[in-house]
Amino acid sequence: MTATVPVSWEAEVDLVVIGGGVAGLTAARTASLRGLRVLILSKGGPTDTSTQYAQGGIAVVAPQGDSVDSHVHDTVEAGAGLCEIDAVRSIVAGGQAAVAALTDLGAVFDLGRDGQISRTREGGHSTRRIIHAGGDATGAEVQRALNAAGLPVLFGAAALRVMTGPDGVRGVVAVSDNGFGVVRTPAVLLATGGLGQLYASSTNPPGATGDGVALALWAGAAVADLEFVQFHPTVLYTPGGVGRRPLISEAVRGEGAILVDTEGDSVMAGVHPRGDLAPRDVVSRAIAERMRATGTDHVFLDARRIDGFAQRFPTITASCLSAGIDPVAQLIPVAPGAHYQCGGVLTDTHGRTGVPGLYAAGEVARTGLHGANRLASNSLLEGLVVGGRAGVAAAERLDVRARIEEIPSWAVEFADRAVVQQAMTEHASVVRDGAGLGGALARIEAARSVASPLDTAGGAAARSVSSPLDAVSGAAQSDQTGSGPGIFSATLRRIEDAALTLTARALLVAAADRAESRGCHTRSEYPGPTEDRRHSTAVRLGADGTVELSTVDVVAVPVCAR
Ligand code: FAD
Ligand code: SIN
């Protein structure tokens with residue numbers, strides 16, 4: 001193997017999983033159970049995931065008074081005509097077994113007075129089917145149980161590039177405190193989570209920088225439905241708050257809280273038959289319109305009528321109290337915030353992309369479950385079901401020998417993060433228009449520079465090569481020349497900026513092309529959906545770095561809910 005990349009460490013496995021949240025760890029577990037040699041790369045620590053922050057719960061068909069058909073119906077209605085009906089049915093039907101596998105691992109869900117698993121309701125659901133843990137700390141329990149499964153994770157290791165050849169995936173180039181590394185593998189699963197950091201304020205952790213979307217595009221895969229960014233209606237508002245913002249779960253409305261404006265009038269009365277529990281896009285739009293009408297930057301959630309609020313919602317209570325708000329006695333100020341990417345890397349319901357050996361699962365993937373708008377609490381469900389299946393599917397690559405002859409250096413385009421976030425926040429939020437989307441794209445494209453992500457290493461060459469698998473199994477790694485926290489953080493920053501820049505460009509091109517309002521994509525100049533736009537938009541990267549659009553036919557049921 002010749003390398004212009006100064007490689008300090010290397011390994012060979014059957015499957016590299018990029019990401020240590022619900023999707024990645026679930027996939028790693030099913031792959032390991034089938035005997036695959038797995039390595040998980042996670043650029044953060046064990047809880048630096050969106051999974052950790054999930055509050056409301058997991059949507060899974062209840063044993064009584066519910067059915068797969070009902071959950072499918074609610075999902076498809078929220079998805080506004082772009083859900084793939086077979087994918088929805090397959091993933092929803094897989095929910096109970098996936099949750100059982102998680103409880104086998106030790107995850108504990110809240111019980112009701114009858115000793116059965118307690119279920120709440122969230123926006124867009126026709127019944128109480130959301131299971132939860134620790135009151136409003138469901139994600140922390142899911143993450144705890146999966147972290148405790150003893151899977152081989154290399155924390156503080158960021159994937160920079162998926163290497164491919166004519167036979168598909170061959171390996172991953174990564175960086176850690178020990179310098180640059182290469183892992184030879186015929187199968188890579190992208191489980192990198194979302195893109196909330198495209199916006200100035202988001203519910204997502206700092207690492208949600210769209211890396212998986214960019215890694216997929218660079219590897220030649222297609223992404224789809226990227227324009228559908230879900231803005232959660234109730235993110236805790238504090239003046240000037242930016243970065244990761246605390247969420248006020250929809251389950252708070254599920255337990256009876258209502259949205260009121262600064263005059264005390266209901267926001268949702270007369271807007272939708274489900275009132276405060278309308279699908280998320282409907283509620284976020286109604287809040288945005290009310291804020292515009294009243295000239296304010298927030299509304300309020302009135303949760304004072306909920307008995308035992310602090311016991312049912314301990315995480316939210318703590319967030320409110322640290323912002324100086326007592327949710328039992330006071331109104332909670334809230335505003336919509338960037339929350340979830342409904343689209344992503346185009347896959348089947350086993351995580352397969354169009355590139356042999358490249359898989360994607362969890363928030364980074366577009367299976368067809370969410371369509372134009374995700375139904376609340378369907379994300380952990382998807383991560384568990386499709387993550388588990390992708391780990392199994394990766395076994396189909398066991399006969400492929402991943403050869404890497406050389407690792408040439410490469411260049412990426414990146415713009416200043418603040419420029420990207422400002423352009424996206426101003427022009428690609430809850431309500432968009434063509435002129436704004438075009439202007440945002442022009443601003444980001446004008447701010448681009450080109451450099452190798454490896455240049456941050458100062459050109460240092462590695463002296464000897466070690467294996468990250470030693471670190472995973474507890475052995476110490478040697479300190480290499482050209483390594484250290486400085487190289488890791490500088491390279492990570494550059495690759496994240498490059499991912500944000502490419503993801504923003506792809507999203508803006510897709511959003512500008514979608515000349516209609518549908519699901520969580522609202523164009524002020526086009527008030528509703530149009531039947532001839534009832535298809536997904538796929539994005540690929542052209543040879544010259546341009547963003548190319550094409551159409552993905554959607555095999556959907558004829559629902560066009562708005
Ligand atoms: P994540 O859990 O985000 O994990 C991503 C992993 O990828 C991390 O380990 C990260 O370090 C790693 N990574 C990223 N890029 C790289 C790279 N280049 N190299 C190496 N590692 C990388 N959904 C529900 O269903 N129910 C809920 O109640 C709910 N509540 C939510 C509340 C909040 C505040 C948030 C933010 C989200 C919520 N969601 C909820 C959504 C859901 O939590 C996420 O969509 C889901 O957890 C994503 O899981 P994931 O495995 O795809 O990614
Ligand atoms: C919430 O608890 O409101 C978030 C649920 C979700 O994003 O699915």
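The values are calculated or read from the model by the stated rules, or taken from the named source; none is laboratory data. As the structure is a computational prediction, the values presented were derived from the model and not from experiment. Don't worry about glycine lacking a Cβ; one is built from the backbone with ideal geometry, like all the others, and counts go over all protein chains shown. Note: accessible area is taken over every heavy atom of the protein model, side chains too, but ligands, DNA and RNA are not part of it. Shrake-Rupley method; radii C 1.70, N 1.55, O 1.52, S 1.80 Å.
Residues in the range 310-328 that are free of Cβ contacts under 8 Å to residues at least 40 places away in the same chain and within 18 Å of T138 (Cα to Cα) were compared, and the one that is surrounded by the most Cβ atoms within 10 Å (Cβ to Cβ) is T317.
Inclusion of L441 among residues that are touching a residue at least 40 places away in the same chain (Cβ under 8 Å) and either over 24 Å from S50 (Cβ atoms) or not in a helix (DSSP H, G or I) (or both) is warranted. What's the total number of residues in the range 145-184 that are out of contact with any helix residue (DSSP H, G or I) (no Cβ under 7 Å at 6 or more places or on another chain), part of a loop (DSSP other than H, G, I, E, B) and surrounded by fewer than 21 Cβ atoms within 10 Å (Cβ to Cβ)? Qualifying residue count, the range 145-184: 4.
What is the residue count in the range 372-414 for residues that are among the basic types (K, R), modelled with pLDDT of 95 or more and out of contact with any Gly (no Cβ under 6 Å at 6 or more places or on another chain)?
Residues of the range 372-414 that are among the basic types (K, R), as a first pass: 374, 389, 397, 401, 403.
Subsequent filtering for residues that are modelled with pLDDT of 95 or more retains 374, 389, 397.
Now restrict to residues that are out of contact with any Gly (no Cβ under 6 Å at 6 or more places or on another chain): 374, 389.
Qualifying residue count for the region: 2.
Here is the figure for the range 392-438: residues that are in contact with a Pro (Cβ under 8 Å, 6 or more places away or on another chain), in a strand (DSSP E or B) and surrounded by fewer than 19 Cβ atoms within 10 Å (Cβ to Cβ) total 0.
Residue count for the range 203-237, restricted to those that are open to solvent by 10 Å² or more (accessible area, probe 1.4 Å), within 9 Å of ligand 1 (Cβ to nearest atom) and assigned to a helix (DSSP H, G or I): 1.
Against the condition crowded, with 24+ Cβ neighbours inside 10 Å, modelled with pLDDT of 95 or more, within 16 Å of ligand 2 (Cβ to nearest atom) and not in a helix (DSSP H, G or I), how does L369 come out, does it pass?
Details: crowded, with 24+ Cβ neighbours inside 10 Å: yes; modelled with pLDDT of 95 or more: yes; within 16 Å of ligand 2 (Cβ to nearest atom): yes; not in a helix (DSSP H, G or I): yes.
For L369, the condition - crowded, with 24+ Cβ neighbours inside 10 Å, modelled with pLDDT of 95 or more, within 16 Å of ligand 2 (Cβ to nearest atom) and not in a helix (DSSP H, G or I) - is met.
Would you point out which residue out of T75, T47 is within 16 Å of ligand 2 (Cβ to nearest atom) and either of a type in the set (F, W, Y) or under 18 Å from the mean Cα position of the chain (by Cα) (or both)?
On the way: T47 fails: within 16 Å of ligand 2 (Cβ to nearest atom).
Step by step, each of T75, T47 is checked, and only T75 is within 16 Å of ligand 2 (Cβ to nearest atom) and either of a type in the set (F, W, Y) or under 18 Å from the mean Cα position of the chain (by Cα) (or both).
If you check A100, A62 for being away from ligand 1 (no atom under 12 Å from the Cβ) and either part of a loop (DSSP other than H, G, I, E, B) or over 30 Å from L154 (Cα atoms) (or both), only one passes: A62.
Right, A338: of a type outside the set (D, E, K, R) and either over 18 Å from L541 (Cβ atoms) or touching a Pro at 6+ places or on another chain (Cβ under 9 Å) (or both) or not? Yes, satisfied. R389 meets all of the listed conditions (1) buried (at least 22 other Cβ atoms within 10 Å of the Cβ); (2) within 27 Å of T501 (Cα to Cα) but one, namely (2). Taking first residues from the range 111-123 that are within 30 Å of A286 (Cβ to Cβ) and partners that are away from ligand 1 (no atom under 16 Å from the Cβ) and open to solvent by 70 Å² or more (accessible area, probe 1.4 Å), the Cβ contacts under 6 Å between residues at least 6 apart in sequence or on separate chains come to S118/L111.
Of all the numbered requirements in (1) closer than 25 Å to V108 by Cα; (2) in a loop (DSSP other than H, G, I, E, B); (3) not hydrophobic (A, V, I, L, M, F, W, C), E141 misses one, and that requirement is (2). Selection within the range 238-275: residues that are open to solvent by 20 Å² or more (accessible area, probe 1.4 Å) and within 15 Å of ligand 1 (Cβ to nearest atom). The member of this set that is modelled with the lowest pLDDT is G241.
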